[in-house]
1. So, of the residues in the range 105-137 that are modelled with pLDDT of 85 or more and within 30 Å of Arg434 (Cβ to Cβ), which turns out to be most open to solvent (accessible area, probe 1.4 Å)?
2. Residues being surrounded by 17 or more Cβ atoms within 10 Å (Cβ to Cβ) and among the small types (Gly, Ala, Ser): count how many of those fall in the range 419-433.
3. Counting only residues that are surrounded by fewer than 14 Cβ atoms within 10 Å (Cβ to Cβ) and either more than 30 Å from Trp454 (Cα to Cα) or under 28 Å from the mean Cα position of the chain (by Cα) (or both), how many does the range 35-60 have?
4. From the residues in the range 480-517 that are farther than 22 Å from Trp551 by Cα and among the acidic types (Asp, Glu), which one is surrounded by the fewest Cβ atoms within 10 Å (Cβ to Cβ)?
5. Between Asp314, Asp293, which is modelled with pLDDT under 95, under 32 Å from the mean Cα position of the chain (by Cα) and under 30 Å from Tyr580 (Cα atoms)?
6. Any idea which residue in the range 336-346 is farthest from Asp417 (Cα to Cα), counting only those that are charged (D, E, K, R) and not in a loop (DSSP other than H, G, I, E, B)?
7. What are the pairs, 6+ residues apart or on separate chains, where a residue within the range 147-161 that is closer than 16 Å to Asp109 by Cα has its Cβ under 8 Å from a residue that is hydrophobic (A, V, I, L, M, F, W, C) and not in a strand (DSSP E or B)?
8. Regarding the range 125-139, can at least one residue be identified that is farther than 22 Å from Arg176 by Cα and of a type outside the set (Val, Ile, Thr)?
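The values are calculated or read from the model by the stated rules, or taken from the named source; none is laboratory data. Because the structure is a prediction, the values reported are computed rather than measured. In this analysis, Cβ positions are derived from the backbone assuming ideal geometry, glycine residues included, and neighbour counts consider all displayed protein chains. To get the accessible areas, we keep the full protein, side chains included, count just its heavy atoms, and leave off ligands, DNA and RNA. Shrake-Rupley method; radii C 1.70, N 1.55, O 1.52, S 1.80 Å.
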Amino acid sequence: MSGSLAVLTALAAFQAVPSSVETNPSTLELRVGETASVEATVFDRTGDRMRSDVRWLTADDHIAEVDGQGVVRALEPGTARIAVVAGPAVGFLEVTVRGYPVTSLETVDAPPARLLSGASAVWRLRGRTPDGEIVASPVLRYAVDDPSVAAVDPDGRIHGLREGGTDVRAVTLEGREEASLRIEVVEAPELQFRIVPAEGTTRVGDVVRLRVETDSEDIGFDPLWSVSGSGAQIAGEGREGVFVAEEPGRYRAVAWIGSGRAQTATVQVEPRRYDASVSVLGRGLITGHNTGDMWVFEGVDGRDYSYVGTFMYDWMKVFDVTDPTRPVLTDSLRFDARRINDIKIHPNARVGIATREMASNRRNGIMVLDLADPAHPTVASEYTETVTGGVHNVWIDGETDLVYAVHNGTNDVHIIDISDPRNPSEVGRWGLDRRRKTLHDVIVQDGYAYASYWRDGIVTLDVGAGTHGGTPTEPAFVSRLAYPVGNTHTAWRHGRYLFVGDENFPNDWDQTGSSPIDTRGFIHVIDMSDIENPVEVAKYDVPEAGAHNMWVEGDRLYIGYYQAGLRVVDISGELRGDLYRQGREVARLPMLTDQSRVPNWPMAWGAQLHKGLVFVLGQNSGIWITRLNEREVVF
């Protein structure tokens, strides 16, 4: 080869290597469900275009997916970064996904028809998407027909300026939907105001509702509230100010009514005190492998048992815990599974369910247990037909003999009839209408099923409550609530509140469970008073730790808080704000021990109350049988 030919060959080889990739467009904005085609142009080292195969990749495939031809599909609201790769060169495309457009507007809180001049009132609306999903805080544009009579700010607060009447309108950003109302502004300079109560004493974490009253109830206003200091918060709800403190002290709450009118009230906040501890009575050690879930019950023989699932292990453990100080391992059942995540027992104590995942033959599903001899249960049958992709969690409805199973394959709730334990069969199914979804847990309480749909939030279903036409085998959708950050893992309904737990693992967590795992996540407190429109009102957030399963009895919430051990929380009364900062934690058990697969790293899985005792499962250490010792505190 001549010198010149060698140079030309080397130059061609140099130029043939992709140096950069550009996308057209470079950014993209789509609505959920929309698609768009993106072109990729590859450049060589001299800046000239060149032909090259490209690959399209994204780590945010729950927000937007992309195929091999660069067609992007929007899946859920958020921002996704898509990479296009050509040899060593990489280009990026940022995709912003907006939610479905709001196609209808509904008034949640309407201002009074007669608004006090100089005062203001809130007009709160919610929207609905084409599929009926609620948008709690739609982005709206507001206008007033006569701006000399009233004004409206971007948050929908209407301000009365002078006596007269006018129409106020709210329009969606797309301009597709509009809502309007009529406001009459009235003068009442002689009107007198007062806050009730004007002063009082309470504890940290207790909610106090302050109300502005006047002699004329037909003239309306919604005060703007503020509170002195940083240790308390107050939120307006109509004429009420909802006050709660996170630190002791003396606080002054101010209700700004308008036109220089303000009223004040004083709240003295005392510390919140508990005299409580958790004592360990006995331990059922499991240290050779990690555990899954646990269920404690009284067997048909009158003795107490704890059945324990396992993780990356194929045995279910059976403990006799009748003597809480000396748990006894009575049996183990071996299944073809690498994960027995969940154990549930029928209220009749004659039938149990063990879930199965990662079977060697890929035939997963559930095992139906015969508990005639609870110390030595046997397998009555197994059900795999429609849930062979693996079942992660279940709930047994004892009244209907139905199992609500979380199937990994479909990410739907599969409803399985076990009235004949030896011949289970699927009789119903419900799933969230999403192309990509993850269902983690389901619990059934008082005719409602609460399905924890990971990034899609908590879904409430009528499964016999009689409110939305649902039946135990044909669930009906009631509502869904998602929050911006966090993976909805589990839920528990108690009174007006639904307690919803997150689960967030680090990207590099050790899935063998043989080393410490630094989890995150907290408990969201959801007000379900209006079950179609759930509202998050409080949280319990332990710093530097992650929540897992929970149990509620009385006014105490028991949480397995992974590396933070067992936590017991006071959930009495109305709940607002950060329960952890308010000092509502009654007691805790760190569960630190050397008798553990990972020493001094408890990974508390969850808690269950049984006959006055608190049974806690440590993923690394087995069963902890404890008692909450709580003594009355006199204030």
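1. Arg124
2. Matching residues across the range 419-433 total 2.
3. The qualifying residues number 8.
4. Once the filter is applied, the top-ranked residue is Asp508.
5. Exactly one of Asp314, Asp293 is modelled with pLDDT under 95, under 32 Å from the mean Cα position of the chain (by Cα) and under 30 Å from Tyr580 (Cα atoms), namely Asp293.
6. Filtering the range 336-346 for residues charged (D, E, K, R) gives 336, 338-339, 342, 344.
Restricting the remaining residues to those that are not in a loop (DSSP other than H, G, I, E, B) gives 339, 344.
Values: Arg339: 23, Lys344: 15 Å.
Among them, the one singled out is Arg339.
7. Every condition considered, the pairs that remain are Val152/Trp123; Gly156/Trp123; Arg157/Trp123; Ile158/Trp123; His159/Ala119.
8. Looking for residues that are farther than 22 Å from Arg176 by Cα and of a type outside the set (Val, Ile, Thr), one finds none in the range 125-139, hence no.
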